[in-house]
Amino acid sequence: MSNPGIEGPVWLPSLPPSLGEYLAPNLQPVPLIPLLALSAALLYMAGAISLWRRRRGWSPVRTVSFLTGCAAVIVVMGAGIEGYGLRMFSIFMFQQLTLMMAVPPLLVIGSPGTLLLRTTPHNWWGRPVLRAAIWGLRSRWGRLAIHPGFMVPLFLLSFYGVYFSGIADLLLPNWYGHVGLELLFLVAGILFTVPLISADPLPSRQTHFGRMIDIFAEMPLHAFFGVVIMMATTPMVDFFARPPAAWNIDPVRDQEVAGGLAWSYGELPGVLLLMFIMVRWQRDEARGWARSERAAAAAGGDVDMDAYNRYLQQLADRPERPR
């Protein structure tokens, strides 16, 4: 089905929306993002299988997490839901939230960077890959990409900037702009998530307290965006203001659903990330105390307390200055 308001190779549904139509295997003519997700899943599995064949351990939990993230991208961007996302604000918002909030943690927990470094051979074709990876870890661009001063504004720009500045109406009517926005959502979500929970080698690492500050800074602004969308009395995105008449959809009501999704579905992954950070913080603190206790036991006492006592003794041994 063609639409004169959308340029490029797109498939638009004609039947009213339903769960069955959302999940129907109706690929777009150029399913770019699903193909990228499928390729990432196949490469990841190839790397994991190569480690298992060499009897080198690789976590099945990481593997399942990464593959689940890829599968979510394939379903959300490759099934009929992608076509309805070209007509309904609520569906497009669901896709955006999935790409930015739900998928990135699954991909990041999979530690694809560590898998890449472990499985890439040091031969003629593997060396450029390793050099590119090491360059990314050591370059200033890598540090900038995951710095809070860059990734937090980029994350928020994907909400406030896209919908409040008219960028959505500028890009969505074109296939290239539509897919470009979806890629932006995914990249912004990954860049926001990597410094928070990634176990891969990184150019720089934040403290646990800094990670919690990033989460606390994002969550209220994210919720406020959803409330603003819900309270709007007119369509904020003209592209979604005229759904097919046969579907009997009120665009303002559909916009309210989109805002409700941003407020509820968008907040849940943030809460889970916060819990993940707190658990990891507690675990790292426990490991630190365990190391201190082992060091104290090996030295025959409490290392920190002994050092403090020596410091006090040095103060006591100093000659008193004449007044």
Which condition does Asn248 not pass, out of (1) surrounded by 14 or more Cβ atoms within 10 Å (Cβ to Cβ); (2) in contact (Cβ under 8 Å) with a residue 24 or more places away in the chain, if it passes all the others?
(1)
What do you reckon, is Ile74 within 16 Å of Pro34 (Cα to Cα), open to solvent by 10 Å² or more (accessible area, probe 1.4 Å), in a helix (DSSP H, G or I) and not polar (S, T, N, Q)?
yes
Any idea which of Leu97, Leu67 is aliphatic (A, V, I, L, M) and open to solvent by 20 Å² or more (accessible area, probe 1.4 Å)?
Leu67
Would you confirm, using the coordinates I've provided, whether Ala37 is open to solvent by less than 60 Å² (accessible area, probe 1.4 Å) and out of contact with any Gly (no Cβ under 9 Å at 6 or more places or on another chain)?
no
Go through (1) within 21 Å of the chain's Cα centre (by Cα); (2) basic (Lys, Arg); (3) closer than 30 Å to Glu256 by Cβ for Arg87 and report which single condition fails.
(1)
Only one of Leu130, Leu170, Leu137 is among the hydrophobic types (A, V, I, L, M, F, W, C) and surrounded by 15 or more Cβ atoms within 10 Å (Cβ to Cβ); which?
Leu137
Of the residues Ala79, Ala48, which is farther than 30 Å from Ala241 by Cα and open to solvent by less than 50 Å² (accessible area, probe 1.4 Å)?
Ala48
Is it the case, given these coordinates, that Gly20 is in contact (Cβ under 8 Å) with a residue 60 or more places away in the chain and more than 22 Å from Met101 (Cβ to Cβ)?
no
A careful count of residues in region 191-221 that are part of a loop (DSSP other than H, G, I, E, B) and free of Cβ contacts under 8 Å to residues at least 12 places away in the same chain gives 2
Subset of region 252-261, residues open to solvent by 30 Å² or more (accessible area, probe 1.4 Å) and either at positive phi or in contact (Cβ under 8 Å) with a residue 12 or more places away in the chain (or both), comes to Val252, Glu256, Val257, Leu261
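Looking at region 108-119, can you tell me whether even one residue there is in a helix (DSSP H, G or I), farther than 29 Å from Met212 by Cβ and open to solvent by 60 Å² or more (accessible area, probe 1.4 Å)? Reasoning before the result, please.
Step one: filter region 108-119 for residues in a helix (DSSP H, G or I), giving 108-109, 112-119.
Remaining after also requiring farther than 29 Å from Met212 by Cβ: 118-119.
Retained after the next criterion (residues that are open to solvent by 60 Å² or more (accessible area, probe 1.4 Å)): 118.
The answer is yes; a qualifying residue exists.
The values are calculated or read from the model by the stated rules, or taken from the named source; none is laboratory data. A quick note: this is a predicted structure, and the numbers were derived from the prediction, not measured. Counting neighbours? That spans all protein chains shown, and the Cβs are built from the backbone with ideal geometry, glycine included. Each accessible area value is taken on the protein alone, full model and side chains, heavy atoms only, with ligands, DNA and RNA left out. Shrake-Rupley method; radii C 1.70, N 1.55, O 1.52, S 1.80 Å.
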